[in-house]
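One structure is given here, and the rest of the page talks about it.
Read the figures in this text as sums done on the coordinates, not as results from a lab. Everything numeric here is computed off the predicted structure, so don't read it as measured data. Quick reminder, even Gly has a Cβ in these numbers, built from the backbone with ideal geometry, and neighbours come from all protein chains shown.
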Amino acid sequence: SRKIIIDTDPGQDDAVAILLALASPELDVLGITTVAGNVPLSLTSRNARIVCELAGRPDIPVYAGCEAPLVRPLVTAEYVHGKSGLDGIVLPDPKMALTDGHAVDFLIETLRKEAPGSVTLCPIGPLTNIATALRQAPDIAPRIAEIVLMGGAYFEVGNVTPAAEFNIYVDPEAAGIVFKSGVPLVVMPLDVTHKVLTTRARVEAFRGLGTQVGHAVASWTDFFERYDMAKYGSEGAPLHDPCTIAYLLKPNLFTGRHINVEIETEGRFTTGMTVADWWRVSNREANAMFIGDVDAEGFYALLTERLAHL
Ligand code: BDR
Ligand code: CA
């Protein structure tokens, strides 16, 4: 099975991504690293443990990481995810402790210890931890198999400003480091995540599992649907972060282009924009597989089938 580390700021959609990974025997989750994003670090670190316990996996090491972006003050998104970051259902306080040590040290030590090219990183929050690890230990870059991340937007443009997607906007300097790292990148932008919408039927399929996990996932998706439907006027809410894990399980559900993507860090209106050369009009070197389309039915079939195992 494939070794992965999930770097996350849960977040309901992060929670679903973690559950999908833990439900999948093809993936070996070496650890979960938390970062400040949707809510402050203390809450994302708490939420990650709640999700592990919900999945019956209190053995997964959870490491707390960076409390704030590299150079900017933290911007959070309680208006989307609620005060706890996981609003929608009340779950018990976690009994499992955080594992001692900093998330960045765990990332560096694991990548140095495991065979080169055997560990994949799945960042689904701001890229602060990953960038800090790459900056502190440049030797890890060639050892990373791949970084499969949720972030950015191109045709669908922004969800936090007209030009920027939340994860990249919160820490564009960190994103800049990751996109320039030379590590193979697969990027799930809003263009694809806005195609996997939580319709009524899909939420009822989660609830219909008749399990605690199915009930929690239905309650979470119901919660942020209220916000997203008002904002986008669409049939349901985008389930962003699980796209990364679904890609690892079934890459054929997704299509995209290997292109150059630069991160805007200085724009007056465009800070945090992923400037994606979709039409290859520049001579800049391709650095990312930028995903543009997904088989949404196949995605929800996979997700529901896997969640049934928890
Ligand atoms: C991203 O921002 C967060 O609110 C979600 O968890 C997702 O990672 C979407 O822009
Ligand atoms: Ca997230």
If you take the residues in the range 296-310 that are of a type in the set (A, V, I, L, M) and part of a helix (DSSP H, G or I), which one is surrounded by the most Cβ atoms within 10 Å (Cβ to Cβ)? L303
Candidates G125, G117 - the one that is surrounded by 16 or more Cβ atoms within 10 Å (Cβ to Cβ) and either of a type in the set (D, E, K, R) or assigned to a loop (DSSP other than H, G, I, E, B) (or both): G125
Which condition number does E53 fail, the rest of (1) crowded, with 18+ Cβ neighbours inside 10 Å; (2) assigned to a helix (DSSP H, G or I) being met? (1)
Answer residue from the range 246-295, given it is aromatic (F, W, Y) and assigned to a strand (DSSP E or B) and is surrounded by the most Cβ atoms within 10 Å (Cβ to Cβ) among those: F290
Of all residues in the range 91-114 being out of contact with any Ser or Thr (no Cβ under 7 Å at 6 or more places or on another chain) and assigned to a helix (DSSP H, G or I), the one that is surrounded by the most Cβ atoms within 10 Å (Cβ to Cβ): L111
Every listed condition ((1) of a type outside the set (A, V, I, L, M, F, W, C); (2) within 26 Å of K3 (Cβ to Cβ); (3) in a helix (DSSP H, G or I)) holds for S181 save (3)
Within the range 19-56, which residues are within 21 Å of R202 (Cα to Cα) and either more than 16 Å from ligand 1 (Cβ to nearest atom) or out of contact with any strand residue (DSSP E or B) (no Cβ under 6 Å at 6 or more places or on another chain) (or both)? L19, L20, L22, A23, S24, V51, L54, A55
Residue ID - nearest to ligand 2 (Cβ to nearest atom), chosen from residues in the range 123-141 that are touching a residue at least 40 places away in the same chain (Cβ under 8 Å) and of a type outside the set (A, V, I, L, M): G125
